[in-house]
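**Q** First, the structure itself, so that you have it in front of you.
The values are calculated or read from the model by the stated rules, or taken from the named source; none is laboratory data. Small disclaimer: the values here were computed from a predicted structure and weren't measured. So basically every Cβ, Gly included, is an ideal-geometry build from the backbone, and we count neighbours across all protein chains shown. With ligands, DNA and RNA removed, areas are computed over all heavy atoms of the protein, side chains included. Shrake-Rupley method; radii C 1.70, N 1.55, O 1.52, S 1.80 Å.
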Amino acid sequence: QVQLVESGGGLVQAGGSLKLSCAASGFIFSARDMGWYRQAPGKQRELVAVIASDGYTNYNGPVKGRFTISRDNAKNTVYLQMNSLKPEDTAVYYCYTNYGGGYWGQGTQVTVSS
């Protein structure tokens with residue numbers, strides 16, 4: 001049974017930082033690409049960042065230089081370090097794996113106040 005459990009969301013002031021974690025189970029974590037997506041109210045879900053099984057990373061334009069995705073294969077966990085947060089980063093953040101056609105976590109709320 002595949003599980004993706006996000007944590008680390010919360011309320012932060014603009015300019016602040018948060019670190020999200022996603023603990024994965026039910027598949028061979030080290031062999032799979034992992035990603036973070038977000039969905040703001042009234043908007044479509046969008047890619048934030050991805051990290052391939054070989055460690056290659058890619059970021060959506062608005063977060064480049066502010067967010068960092070990383071993974072710890074020993075802990076089956078993917079992280080998203082978010083710095084210099086802006087109100088427009090407010091969204092529910094979801095963890096994703098491309099294993100078995102794709103699985104999503106339940107999401108964690110990030111709210112950035114101005």
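**Q** So what is the relative contact order for the chain, in percent, with contacts set as C-alpha pairs under 8 Å and at least six apart? Spell out each step's value before the answer.
**A** Numbers: 278 pairs, mean separation 40.9, N = 114.
After rounding, I find 36 percent.
**Q** May I pose another question? How long is the gain from Glu88 to Asn60 if the chain were fully straight, where each residue apart is worth 0.36 nm and the alpha carbon distance is subtracted?
**A** Full extension of this stretch gives 8.7 nm more.
**Q** Near Val12, within a Cβ-to-Cβ distance under 15 Å, what is the net charge of the other residues, with Lys and Arg +1 and Asp and Glu -1?
**A** Net charge around Val12: +2.
**Q** Taking all protein chains in place and a 1.4 Å probe, what share, in percent, of the accessible surface of the chain do carbon and sulfur account for?
**A** Reported share for carbon and sulfur atoms: 46 percent.
**Q** On to the next question. Sticking with the crude label model, points 7 Å out along Cα→Cβ, report the distance from Gln39 to Lys75 in nm, one decimal please.
**A** 2.7
**Q** Let me ask something else. With r defined as the distance between the Cβ atoms of Ala23 and Ser114 and R0 fixed at 41 Å, what FRET efficiency is calculated, to the nearest 0.05? Can you show the working numbers first?
**A** Values: r = 31 Å, r/R0 = 0.76.
Given R0 = 41 Å and the Cβ-Cβ separation, E is 0.85.
**Q** For the pair Ser53/Val5, report the inter-label distance in nm, with labels modelled 7 Å from Cα in the Cβ direction.
**A** Distance between the two pseudo-spin positions: 2.5 nm.
**Q** Per the Kirkwood formula on distinct C-alpha pairs, the Rh of segment 28-81 is how many angstrom?
**A** 11.7
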